[in-house]
Amino acid sequence: MTSTVNALDVIRAKRSGDVLTDEQIRWFIAAYTDGVVPDEQAAALLMAIFFQGLGPDELAAWTTAMLASGDRLDLSSVGRPTVDKHSTGGVGDKVSLILCPLVAACGVAVPQLSGRGLGHTGGTLDKLEAIPGWRADVSNERMIEMLADPDIGAVIAAAGAGLAPADRRLYALRDITGTVESIPLIASSIMSKKIAEGTEALVLDVKIGSGAFLPEYVWARRLARTMVGLGEAEGVRTAALLTEMDQPLGRAAGNAVEVTESVEVLAGGGPQDLIDVTLALAEKMLELAGVDEDPAVALRDGRAMDRWRALISAQGGDPDAPLPTARAQDTVVAESDGVIGRLDALAVGQAVWRLGAGRARKEDAVSATAGVLCHAKVGDTVRKGAPVLELHTDEPERFADARVALEGAIEIGPTPVPERPLILETITSG
Ligand code: URA
């Protein structure tokens, strides 16, 4: 490909606040993915974008170029509507584990290509790998077979290297150059991967609060709007729910403990906040897929549980196998009588990470058994000395560090706290 574009002109233009042309963007992303543009120049452009932003046309061109760097899966042979969900990540966010079989049980195929946890938020694949035998690697052909299978209709797998490879390189570079926290760069990164997986519709769960990637409402909302716009522009029906992440979702945070809690919900029990968020997302997914089914019924009558069992078995897992449990436990107790006013999601997420459930680098192994159980949550009345958090790990020497992360995380006051809504806003393109 001959082009008159060169990296230095593109960097200078963005640094000065000029609008980049489609050709400049297309060329830059392709040249960086092919190794023609070096990291130094890509890092300079990312920093210029961090400060100058990208206009709507530039962002659309940037995302399209990232998509074009790899394959876009063709799910047309699946033979039923497809819809996926993506969460921006939170603490105790095991919703995908329930939602995927639940929506499949309502007749819509769910191609859920997921990542692993990084930092204080957990990853779906790490959680499912706590199930003996379960494997995250599924070939594209097998994925389509599972989605088309009337008894499964879903897949939860690692995204293959061929999907949006430009993002793999750019994300790694952003991670080490202080350019992660940019709305256009985050939106294009997430959406290029989700659009590449071939889903017809997508529901985004954008978390807001201390345990969220972008804690502040105004930024999370802007990100949600940007992503919905990008999805719609690429022909993917897209909506976003802004949901509360000031305290952990459900009562369990960690890998095996979150699988256990998900199975409780599929069996008809489990914490109400987790059920409510899952059902709200499921309803929106079914609406976008044009399917008139009530997911609460599929949860109640056991159809979602049947799908879970089929889905786990299809990927080598044994749904009946006991999950691993931690060798050591420690309890954090209430320091006074009263009502819990705050249970900081970020602190709990960091404690879970310090107990061994998370990784600092992509190649690190994670502990299946490490985690935190919340015996009490915001609004609960506690007595001094009552257990609030139960810490789990195989390495008891980790307890001290986890406790440091939890300092100041639990606030207990004398008066009841007003109940806060879990679903804060729904954003659609209309
Ligand atoms: N998740 C992604 O995939 N990309 C980002 O930029 C941020 C979160």
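The values are calculated or read from the model by the stated rules, or taken from the named source; none is laboratory data. The model shown is predicted, which means the values in this text are computed figures rather than measured ones. Virtual Cβ from ideal backbone geometry, glycine too; neighbours counted across all protein chains shown. To get the accessible areas, we keep the full protein, side chains included, count just its heavy atoms, and leave off ligands, DNA and RNA. Shrake-Rupley method; radii C 1.70, N 1.55, O 1.52, S 1.80 Å.
Among the residues of segment 230-238, is there at least one that is out of contact with any helix residue (DSSP H, G or I) (no Cβ under 7 Å at 6 or more places or on another chain) and either within 11 Å of the ligand (Cβ to nearest atom) or part of a loop (DSSP other than H, G, I, E, B) (or both)?
Filtering segment 230-238 for residues out of contact with any helix residue (DSSP H, G or I) (no Cβ under 7 Å at 6 or more places or on another chain) gives 232, 235.
Add one more test, that the residue is either within 11 Å of the ligand (Cβ to nearest atom) or part of a loop (DSSP other than H, G, I, E, B) (or both), and what stays is 235.
Yes, segment 230-238 contains a residue that is out of contact with any helix residue (DSSP H, G or I) (no Cβ under 7 Å at 6 or more places or on another chain) and either within 11 Å of the ligand (Cβ to nearest atom) or part of a loop (DSSP other than H, G, I, E, B) (or both).
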When the residues of segment 154-172 are narrowed to those that are open to solvent by less than 20 Å² (accessible area, probe 1.4 Å) and within 11 Å of the ligand (Cβ to nearest atom), which ends up farthest from LEU20 (Cα to Cα)? ALA164
When you go through (1) at pLDDT below 95; (2) within 11 Å of the ligand (Cβ to nearest atom); (3) in a helix (DSSP H, G or I) one by one for SER188, which number turns out not to apply? (1)
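Collect the residues in segment 29-65 that are of a type in the set (Phe, Trp, Tyr) and closer than 16 Å to ARG168 by Cβ, keeping them in residue-number order.
TYR32, TRP62
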All-but-one check, THR199 against (1) under 18 Å from LEU20 (Cβ atoms); (2) away from the ligand (no atom under 13 Å from the Cβ), failing number (1)
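So which residues in segment 269-288 are open to solvent by 10 Å² or more (accessible area, probe 1.4 Å) and in a helix (DSSP H, G or I), if there are any at all? I'd like the intermediate steps shown before the answer.
Start the filter on segment 269-288 by keeping residues that are open to solvent by 10 Å² or more (accessible area, probe 1.4 Å), which leaves 269-273, 275-276, 279-280, 283-284, 287-288.
Correct list: GLN272, ASP273, ILE275, ASP276, LEU279, ALA280, GLU283, LYS284, GLU287, LEU288.
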Tell me whether segment 294-301 contains one or more residues that are open to solvent by 20 Å² or more (accessible area, probe 1.4 Å), touching a Ser or Thr at 6+ places or on another chain (Cβ under 7 Å) and in contact (Cβ under 8 Å) with a residue 12 or more places away in the chain. no
What are the residue pairs meeting all of these: first residue in segment 310-333, first residue closer than 19 Å to VAL257 by Cα and among the hydrophobic types (A, V, I, L, M, F, W, C), second residue in a strand (DSSP E or B) and open to solvent by 60 Å² or more (accessible area, probe 1.4 Å), Cβ atoms under 7 Å, and 6 or more apart or on different chains? none
Search result, residues across segment 97-116 that are open to solvent by 10 Å² or more (accessible area, probe 1.4 Å), in contact (Cβ under 8 Å) with a residue 60 or more places away in the chain and not aliphatic (A, V, I, L, M): GLY107, ARG116
Restricting to segment 191-214, name every residue that is within 23 Å of ALA360 (Cβ to Cβ), assigned to a loop (DSSP other than H, G, I, E, B) and either open to solvent by less than 10 Å² (accessible area, probe 1.4 Å) or without any contact (Cβ under 8 Å) to a residue 24 or more places away in the chain (or both). GLY211, ALA212
Do you know which of the residues in segment 219-229 that are closer than 30 Å to GLY408 by Cα and under 15 Å from the mean Cα position of the chain (by Cα) is farthest from the ligand (Cβ to nearest atom)? ALA220
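Check GLU258, GLU216, GLU232 and return the single one that is over 18 Å from the mean Cα position of the chain (by Cα) and either acidic (Asp, Glu) or closer than 30 Å to THR64 by Cα (or both). Write out each step before concluding.
Numbers: GLU258 fails: over 18 Å from the mean Cα position of the chain (by Cα); GLU216 fails: over 18 Å from the mean Cα position of the chain (by Cα).
The unique qualifying residue is GLU232.
Restricting attention to segment 143-153, which residues are in contact (Cβ under 8 Å) with a residue 12 or more places away in the chain and surrounded by fewer than 15 Cβ atoms within 10 Å (Cβ to Cβ)?
Residues of segment 143-153 that are in contact (Cβ under 8 Å) with a residue 12 or more places away in the chain, as a first pass: 143-144, 146-149, 151-153.
ASP151 - this is the single residue of segment 143-153 that is in contact (Cβ under 8 Å) with a residue 12 or more places away in the chain and surrounded by fewer than 15 Cβ atoms within 10 Å (Cβ to Cβ).
Could you pull out the residue among GLY317, GLY349 that is assigned to a helix (DSSP H, G or I) and within 30 Å of ASP137 (Cα to Cα)? Please lay out each step first, then the result.
Values: GLY317 fails: assigned to a helix (DSSP H, G or I).
Result: GLY349 is the single residue among GLY317, GLY349 that is assigned to a helix (DSSP H, G or I) and within 30 Å of ASP137 (Cα to Cα).
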Is there a residue being on the phi < 0 side of the Ramachandran plot, surrounded by fewer than 16 Cβ atoms within 10 Å (Cβ to Cβ), at pLDDT below 95 and among the basic types (Lys, Arg) anywhere in segment 355-372? yes
Residues located in segment 165-185, provided they are out of contact with any Lys or Arg (no Cβ under 7 Å at 6 or more places or on another chain), part of a helix (DSSP H, G or I) and not β-branched (Val, Ile, Thr): PRO165, ALA166, ARG168, ARG169, LEU170, TYR171, ALA172, LEU173, ARG174, ASP175, PRO184
